[in-house]
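Each remark here refers to the structure printed beneath this line.
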Amino acid sequence: MRKILFVSVALIALALSSCNEEKKAAVAVDTQKVDSLQRIVDQKDNEINDMLSTLNAIQDGIREITEAENRVSVVKDGERTDKAAQIKENLQFISNTMKRNRELINKLRQQARESSVQGEQLKATIENLVKQLDEKEQQLQQLRAELDAKDIHITELTENINNLNTNVSNLQNENSQKSQTISAQDKQLNTAWYVFGTKKELKQQNILDGDRVLQSNFNKSYFTKIDIRVDKEIKLYSKSAKILTTHPSGSYTLTQDANKQYVLRITNPQIFWSTSKYLVVVVK
């Protein structure tokens, strides 16, 4: 009887020990998940803090520009003999601050592109800051016109402002060229070509050579160019159709319409065109 009792106690102890080990393993897994989530949260917090720091610097710059404009307005309407020097100093400060704010806005745009934190509100805020700077530049031009009307001419400052405007114009042109390049590359990546015809027609264009497809110097102008993001349905106008090029089967359907003519519908363009940007269909 004692032996049976001893064995029973031993088995219970072993079972409890096993449960404890399982609990420890579960706790370890949960801890890893929490640590992983915390790292993601910390990364997003750092990105947000960096962007907020840049945003605050831009807003401070705009505030300083407004204060300097007010100082210029006060001085130009006064009678002090040293007002030309003061105006020059304040306008130079405005020019430098505008230039710095442009650079900070470009930095903020770069941070937004590289950040895992995405949002339309941030884009709208950046565009609003650009709009505010554009308005400040217009106000600066108006100040210059008022100074000219009062015969307050500052040659050196005018040259600096013109140089700044030239730099801004060059930067805008550069950004425009980059946007055009990105747009062209994006269009190229989403361009594909298709053709359908009888065996005879495809052979005449060297598209089909025996059982080989697109192996010879085929006539590319015989193909129709499409945007894979837009063109997802191709009517084949035939009661017999067979796809000769290779495309993943789960990315399209080939079905007949009410007139028993085949229609190719591309359900997943990215996967469908991943193997070939050329589509060849033989019909009768």
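Observations, loosely collected:
- Within region 215-230, not a single residue is open to solvent by 70 Å² or more (accessible area, probe 1.4 Å), among the hydroxyl-bearing types (Ser, Thr, Tyr) and either over 38 Å from the mean Cα position of the chain (by Cα) or over 20 Å from residue 190 (Cα atoms) (or both).
- Among the residues making up region 255-284, a single one is more than 26 Å from the chain's Cα centre (by Cα) and small (Gly, Ala, Ser): 258.
- Taking every residue in region 114-125 that is modelled with pLDDT under 70 and pairing it with any residue that is among the basic types (Lys, Arg) and surrounded by 12 or more Cβ atoms within 10 Å (Cβ to Cβ), at least 6 positions away or on another chain, the pairs with Cβ-Cβ distances below 8 Å are 116/44; 117/44.
- Only a single item in (1) open to solvent by 50 Å² or more (accessible area, probe 1.4 Å); (2) touching a residue at least 60 places away in the same chain (Cβ under 8 Å); (3) touching a helix residue (DSSP H, G or I) at 6+ places or on another chain (Cβ under 8 Å) is not met by residue 196, and it is number (3).
The values are calculated or read from the model by the stated rules, or taken from the named source; none is laboratory data. Only a predicted model underlies this, so the values are computations on that prediction, with no experimental measurement involved. Note that we place each Cβ from the backbone using ideal geometry, even for glycine, and neighbour counts take in every protein chain shown. Calculation scope for accessible area: heavy atoms of the full protein, side chains included, ligands and nucleic acids excluded. Shrake-Rupley method; radii C 1.70, N 1.55, O 1.52, S 1.80 Å.
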